[in-house]
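These notes are about the structure you will find just below.
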Amino acid sequence: MVSTPSRITSPRGTDYLSSGADPVSDRSPNQQLLPLTAKVNSDDQLTIGGVAVSELVKIYGSPLYILDEESLRAACRQYREALKRYYPGEATVLYASKAWNCLAICAIAGSEGLGIDVASGGELYTALQAGVAADRIYFHGNNKSATELAEALEVGSHIVVDNWLELESLAQLSGAQGKTVPILIRITPGIECHTHEYIRTGHIDSKFGFDPNQIEAVLQEIAQQPSLDFQGFHAHIGSQIFELEPHKDLPGVMVQWFLKAREIGLSPSVLNVGGGLGIRYTEDDDPPSIDAWVKQVCTAMVAACKNAQITPPHLICEPGRSLVGSSCITAYTVGSRKAIPDMRTYIAVDGGMSDNARPITYQALYRPVAVDRMAQPCTETVTVAGKHCESGDILIQQAQLPPLQSGDILAILATGAYNYSMASNYNRVTRPAAVLVGEGQGQVIIERETYQDLVSCDRLPDRLKSIS
Ligand code: LLP
């Protein structure tokens, strides 16, 4: 039997749940397993934002996404402050809202002075509904529809142009409407990084962005189109990256594009280096801090500009995961248990691949905790299974936990990014609620779906109504 204490430690050995932890403001949220406000109360219960997780489950049910406002705001501030510290020119942080696009999160990011990166008409609509000004929104995507382009043009957001079809459609649409549209051009930078194959985007064989060999032709075309207000370039290398090296190389490549645009007679002013900083999902992960990542990007950008003898341009970065990922945990109620002698014990929870598709999609690893027995030794190794009709619906293959019974609450950590946003209704399971916690209170930011919601888009033709 394994006996691991269930205390959560940093890779450097600091016990962040003990009273001697570093001050909250010094910690980079993406390096923590737990949200910054996590504590263990005198009843050995995990609390986030001053509220016990199991109390929240009593009130709001499970599965439940619990989002710590302080962690999210701290991450936003750390990006902005680091840019101020290390970059001599104008700098903007965009929240890559594909990580989790909903009204409350867009509103929080907006209130912290961030712009928003959206990747569909639906994300654009949500950001606008949250009160974010259109000129602080950047619209991405490798196959934006004509309707989506028209919507972006109508409200006046920036568009990150990905390909020839889009460039032509946009020139036509904006020309016909007598409008100018602010654009960035996305180019594949040809920079490799170590992350899951599905979330790499910087390599040449990527579906995103223009091939760098075509840059001259693209810029020549833009120069012919007076309705396109060319502002600069965008590149994104990939996601969940722990190395700093790729972001050291990227500015040098992008500054060359910048020079090329000038040569052609255009006046670029923006370089957007994308997102990609990784977060800590388990004790084995050791990502750089937000500060270290920003420092690397800025230092490399300043050096590349100096080399090329240009003034540092308006620098944009667009993190998603490292802003919201570590701010959230998902609480589940344990249900059935199946022990197969000498093989494995499954404990099943009331959610699974419908609320967290990352394990089945990317073999992503997660850390669980027993929220009401935080100090109890982890004496069991179990497999945490979801409730879906799919053998691959396993949230954690080898989870070390205290012995758990039906009705106990288990939380999976660092579920803020690409969990709710990739959630589905597989097996017609309703999507969970999300609560925002802080200062001892929880507030629903996303209601739990109901069975009525599930059938709200279904239509039953009259001829099928009499089937009994
Ligand atoms: N900018 C662009 C153009 C992107 O495509 C992405 C992520 C980001 C910024 C934000 O990257 P981040 O800072 O979050 O790494 N579903 C996958 C991740 C897909 C990432 C898609 N693009 C996952 O769960 O790991």
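Tabulated values for the structure
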read-out	value
Kirkwood estimate for the range 70-324, i.e. one over the average of 1/r between Cα atoms, Å	18.2 Å
Least to most buried among E447, E166 (fewest other Cβ within 10 Å first)	E447, E166
Ranked K39, K98, criterion: other C-beta atoms within 10 Å, fewest first	K39, K98
D135 paired with Q214, simple spin-label distance in nm, labels 7 Å along Cα-to-beta-carbon	3.1 nm
Backbone N under 13 Å from the L165 label point (7 Å along Cα→Cβ), restricted to the range 224-249	none
Projected label distance in nm at T180 and R463, using a 7 Å step from Cα toward the beta-carbon	5.7 nm
The range 78-156 and the range 387-438: distance between their alpha carbon centers, rounded to Å	28 Å
Residue-span extension gain [D44 to D342] - 0.36 nm each, minus C-alpha spacing	104.1 nm
Packing-based exposure ordering (other Cβ within 10 Å, fewest first) of W293, W164, W100	W164, W293, W100
³J(HN,Hα), Karplus 6.51/-1.76/1.60, whole Hz, each residue of the range 210-215, x for Gly, Pro	6, 5, x, 5, 9, 4
Theoretical FRET efficiency, 1/(1+(r/R0)^6), r = Cβ-Cβ of Q224 and E439, R0 51 Å, to 0.05	0.35
For the range 46-57, Karplus couplings with θ = phi - 60° (6.51, -1.76, 1.60), whole Hz, Gly/Pro x	6, 10, 10, x, x, 10, 5, 4, 5, 5, 4, 5
Helix axis angle, 245-263 relative to the chain longest principal axis, alpha carbon, degrees	20 degrees
Difference of contour (0.36 nm per residue) and Cα-Cα distance, E447 to Q309	44.4 nm
Pair Q376, E90: separation of 7 Å Cα→Cβ label points (nm)	5.7 nm
Length released on extending from Y125 to L365, taking residue separation times 0.36 nm less the Cα-Cα span	83.2 nm
Cα-Cα P(r), the chain, percent of pairs per 10 Å interval	4, 20, 28, 24, 15, 7, 2, 0
Spatially close lysines, pair count over the chain: Cα under 23 Å, gap of eight or more or interchain	15
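Only the coordinates and a few stated rules stand behind these numbers; no lab work does. Because the structure is a prediction, the values reported are computed rather than measured. All Cβ positions, even for glycine, are placed from backbone atoms using ideal geometry, and neighbour counts span all protein chains on display.
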